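Here the structure is laid out as structure tokens; the discussion comes afterwards.
Every number in this text was worked out from the coordinates using simple rules, so none of it is lab data. These figures come from a predicted structure and were not determined experimentally. Note that each Cβ is placed from the backbone with ideal geometry, even for glycine, and that neighbours are counted across all protein chains shown.
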Amino acid sequence: MIRAKSCSSTRPSMIGSLIAVIVGSAIGTPAVLAAAAPSTPTVDITKFAFTPTEITVAPGSRILWVNHDEVPHTVTGDDKHLASRGMDTDDRYEHVFAEEGDYTYHCAVHPFMIGVVHVRKD
Amino acid sequence: MSIDDTDKRDPEKLIDPDRRKALGCLSAWTGAAVVWTVVGGVPRALGTTHAGSLATASKNALTFVQISDTHIGFHKEANPDVVGSLRHAIADIHSLAQSPAFVVHTGDVSHLSKPEEFGQAKEILAELHVDRVHTVPGEHDAIDDGVNGYLKFFDHDGKGRSWYSFDQSGVHFIGLNNVLDFKKGTLAALGDEQLAWLKSDLARVSRSTPIVVLAHIPMWTVYAPWGWGTADSAAAMSLLRPFGSVTVLNGHIHQVLQKVEGHVALHTAMSLAYPLPTPGQAGIGEPGPLKVPAGELGKLLGTRQLSVVRGRQALALIDTPLDR
């Protein structure tokens, strides 16, 4: 359904404060990837809920999830394309949605927590 | 105070003033463990290790201890010292007049399923002066890689699966995993494979054999919006219902609740990590750790709802009031 361009779960200390980080590319040539920009749509995980529960973005958009709860949560896609690790308090997970579609997801620790990302050209 | 197995009075009347006071002391929730005994084939709760004066188990009775929800790795304000709480419980268990045959841990051994959390938990549990500790996984033990990480430390029968059974002193014990198999938006479940195993396991057990089931999430729906229930518990209950004495021990909700269905008595246990709100508690909104003022942690859960369940009693629920 979707070919993820990037998909990562990182602790805040690893993200830095919106500063570009240098990572190695697949062929070993250093490349510069921008961390989440201020305008990156964010889904807050608070009080055992994804807020907003539904979000609509354009293809190529990056979405950031941040866990504000004191218990671990995950962002787990129903089709397995979204697959964060267990996110402790303040942990973040981001994903770039390349293609149009409706991407439903849940928390694998608390399956009653659900959300959906709509990717639309307009 | 002792609770006579032959006592036929109403369960409510079994709470004499001393016991009511003792139950009130259960507010010292942290570091507490529930002591169980089996007499005449009927498991009964004797009290908690914090109650001060536990009921005495009959001679030659099988006694074991239940602890739950240690959440090793949790370090936030609700309880920054879960290791201390566990060690407190261990010390209390060691001080019991009658040493338990073993300890059962009804899940959420770890907080984040990290190997170092499982490792630390296993090391600390090894300090128990008992032959063995039986665990079942909680959902906190199944993050990232299912129960594979958990099984590296707690594979009880070496079969690489998170459910098992064993027999002890004429009692058939069953450990289940009810935290993984789920459909999005619903409660977790046991799943068809495990239910099939349960059916085959019970097929070799006589109907008169007392059964004790260990599972993390309550095997009845305590509060569905918070995931406090097991989606296919009815299927499990239908397999267990024909047996004369079934006791189900759960954790997950960090408080003591009971329910009795015919010959099946279900009990949730207190946590050794942090308190949680009561089911659907007004003003809370979610099942997150409750923070209490310093000094209050040890006495927050003043409402311990321990029941004494005797076999073949249609219903035996005891609601214990708060004792502040």
Could you rank the peptides B:201-208, B:212-219, B:176-183, B:97-104 by their average count of other C-beta atoms within 10 Å per residue, with the highest value first? B:212-219, B:176-183, B:97-104, B:201-208
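Which order do the peptides B:280-287, B:193-200, B:75-82 take when ranked by the mean count of other beta-carbon atoms within 10 Å per residue, highest first?
Details: B:280-287: 13.5, B:193-200: 15.1, B:75-82: 16.9.
The peptides rank, most packed first, as B:75-82, B:193-200, B:280-287.
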Taking the Cβ-Cβ separation of B:Asp201 and B:Glu123 as r and a Förster radius of 35 Å, what is the calculated FRET efficiency to the nearest 0.05? 0.70
Going down the list B:Lys76/B:Lys152; B:Lys76/B:Lys183; B:Lys114/B:Lys291; B:Lys122/B:Lys152, which pairs span over 19 Å between their C-alpha atoms? B:Lys76/B:Lys152; B:Lys76/B:Lys183; B:Lys114/B:Lys291
